[in-house]
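> The structure follows.
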Amino acid sequence: MVWTTVVEPRPFAARRLVCFPHAGGSPHFFRSWGKALPDFEVHAVCYPARGERIAEPPATDLRQLARGLARELRPLPDGRPTVFFGHSMGATVAYEVARIWQAEGARPEHLFASAARAPHTAQGSPEEAAALDDAKVLDILRRLGGTEAELLDNPLFLDLIMPYVTADFRLVAGYTAPADAAPLDCPVTVLLGDADPRVRVEQAEAWREATRAAFERFTLPGGHFYLADEPPFALIERAVRDLA
């Protein structure tokens, strides 16, 4: 299993930045981040059933997915800090990995939660997950943007992606945060597009309750995929520097 791709090897960088893609996303989404963030060695997560893992079955449980990632992403033996950046579903996966690390006596240096509802506001269920079919997921994809419209009208493209995209959306629909989840010890920065149709400001602001450390929220121009055109590189660098 290849859990992560190193976007641009930089073993002497001060920090490692691990990027967790959205539902249906792949490491390709973060392909430009390595060159743009010279102080970080950028690693992009590859979920099962896509990229180099195309032959694997998709994940069916978000917390189980996070457990596999937590084992793979152990703190670096050289002591360099690790920063997590999760977009949409990826923010929830990153949060769950951070929880596991913390329970084992480690923690990321910083968690960036992008275009995501706070985990404790999730009220998922197996029934909600099972009710999602390809047609409903395709409708959501069209409303969220982030995928070229002509691709969503291409049957060959849809045959390729819909099995894992629908599986990812079911992960989110079935997720509920543990009732006894302890707040994180690391700073949390939340990013939200001002025209995001899926995440309300109060749902993003609720991430404040997920940490006992510093918290910030930034509303940026754009929709659910605001970062596709304007990645928040300067904000990441500033937040890590100022809130470390």
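> Pick from His120, His22, His110: which residue has the top mean-square fluctuation in a GNM of the chain where Cα pairs under 10 Å get a spring?
His120
> Give me the Kirkwood hydrodynamic radius of the range 159-211, using the inverse of the mean 1/r over all pairs of distinct Cα atoms, in Å to one decimal.
Numbers: mean 1/r = 0.0728 Å⁻¹.
The answer is 13.7 Å.
> Give me the net charge for the shell around Pro38: Cβ to Cβ below 12 angstrom, other residues only, Lys and Arg +1, Asp and Glu -1.
Working: positive: Arg10, Arg15, Lys35; negative: Glu8, Asp39, Glu41, Glu237.
After counting each charged neighbour, the total is -1.
> Please compute the per residue accessible area over the range 57-101 with all protein chains in place, 1.4 Å probe, rounded to a whole number of Å².
Per-residue value: 39 Å².
> Counting only protein heavy atoms, what percent of the accessible surface of the chain is carbon or sulfur at a 1.4 Å probe?
Exposed carbon and sulfur together represent 53 percent of the surface.
> Another question about this same structure. Using the Cα atoms as the points, what is the convex hull volume per residue of the range 105-244 in Å³? Can you show the working numbers first?
Details: hull volume 18.3 nm³, N = 140.
Taking the convex hull of the Cα positions in the range 105-244, it is 131 Å³ per residue.
> Kirkwood hydrodynamic radius, computed over distinct alpha-carbon pairs, for the chain: how many Å, to one decimal?
18.0 Å
> If contacts are Cα pairs under 8 angstrom and at least 6 residues apart, what is the relative contact order of the chain in percent?
Working: 474 pairs, mean separation 46.8, N = 244.
Worked out over the chain, it gives 19 percent.
> Please list the radius of gyration and Dmax for the range 3-109, considering alpha-carbon atoms only, with Å as the unit.
Rg, Dmax (Cα atoms, Å): 13.1, 36.
> Turning to a different aspect of this structure: What Rg and what Dmax come out for the range 169-244 when only alpha-carbon atoms are used, in angstroms?
Using the Cα atoms of the range 169-244, the pair Rg, Dmax is 13.8, 38 Å.
> Moving on. Starting from the Kirkwood Rh over alpha-carbon pairs, what translational D in µm² s⁻¹ does the range 49-179 have by Stokes-Einstein at 4 °C and 1.567 mPa s?
80 µm²/s
The values are calculated or read from the model by the stated rules, or taken from the named source; none is laboratory data. Note that the structure is a prediction, hence the values are computed from the model and not measured. With ideal geometry, Cβ positions are generated from the backbone for all residues, glycine too; neighbour counts draw on all protein chains shown. The protein model used for the area step is the full one, side chains on, heavy atoms only, and it has no ligands, DNA or RNA in it. Shrake-Rupley method; radii C 1.70, N 1.55, O 1.52, S 1.80 Å.
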